[in-house]
Amino acid sequence: MAPNNAINERDRLQSQVRFLRVMNVGLLGMMFCGLLLLGFVVVRDTTKIVPPEVKRPYEIGSNYANKDYLLDMAGYVLGTILTITPETVDYNNKVILKMADPDGYAGLKTALDAAAMRLKQERVTTIWVPRKEEVSEQDKRVKVSGKLKTFIADKLTSERDKDYLVEFTITTSGRLYVSKIEEIVKRDPSANKPAGN
């Protein structure tokens, strides 16, 4: 082989290698962008569901649930926990504990068991009547105001205005957990006044 032919052949092969390297880098870049796009679509994709008893659609996605879903779930949770009789309290608590966030399960179970024991001993029935709801979609919290009616032996013993906060955790797969249920205790303005006045 002539030296000029060898040089030309080597230059041609080097240019082919450079071209193939550029193509490989381009294909790898496109594949990486495609994977990023696929990951974004899978994680951020919301699913619309319409349960049979509700007439509006919900949007649930990765760490996201729309206002309507949070409102309905908070109403369900509070209705299940606060509208109870001594006969239904254990079942209702089991239903709520199935929805509990694994990190807050122990605390929620302890609080629900203590309330159930008191309810059974005193033979109390309570009915929750919600009136006003405030939702924070970003914090996944719902504040619900309403009346809690307490009955002993079919007699109304108290009817108090109460506020409750229900906090949720939503996983990347869109699963909703109850992380906290607490009564918001209003401070009595007369308690802050000095005794001499």
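Where a number appears in this text, it was derived from the coordinates with a stated rule and is not lab data. Values in this document were obtained by computation on a predicted structure and should not be read as measured data. Cβ coordinates were reconstructed from backbone atoms using ideal geometry, including for glycine residues, and neighbour counts include every protein chain displayed.
Specify which labelled value, from [x] 30.3, 115; [y] 16.0, 54; [z] 17.8, 57, agrees with Rg and Dmax of the Cα atoms in Å derived from the coordinates of the model shown. After the calculation, the listed value that fits is [x].
Annotation: aspartates and glutamates with alpha-carbon distance below 15 angstrom to K162 (same-chain offsets under eight excluded): E133, E134, E182, E183, D188.
Taking the inverse of the mean reciprocal distance over all distinct Cα pairs, the Kirkwood hydrodynamic radius of region 1-45 comes to 13.2 Å.
Calculated mean residue ellipticity, 222 nm, the chain: -15000 deg cm²/dmol, from DSSP H runs (n ≥ 4) at -39500 (n - 2.57) each, averaged per residue and rounded to 500. For region 81-154, applying the loop criterion from DSSP together with a ceiling of 11 other beta carbons within 10 Å to the trypsin sites (Lys or Arg not before Pro) yields R123.
What helices in the chain pass both tests, a Cα length along the helix axis of 24 Å or more and a mean Kyte hydropathy of 0.0 or higher, using whole DSSP H runs? TM-like helix candidates: 3-44. Given in Å, the Rg to one decimal and the Dmax to the nearest whole number for the Cα atoms of region 111-150 are 13.9, 40.
In this Cβ point-charge picture (+1 for Lys and Arg, -1 for Asp and Glu), region 45-176 has a dipole of about 340 debye about its Cα centre. Among N93, N24, N63, the largest mean-square fluctuation in a Gaussian network model of the chain (Cα springs under 10 Å) belongs to N24. Beyond 19 Å in Cα-Cα separation lie the following of the pairs K98/K180; K132/K186; K109/K155; K120/K149; K120/K155; K109/K180: K109/K155.
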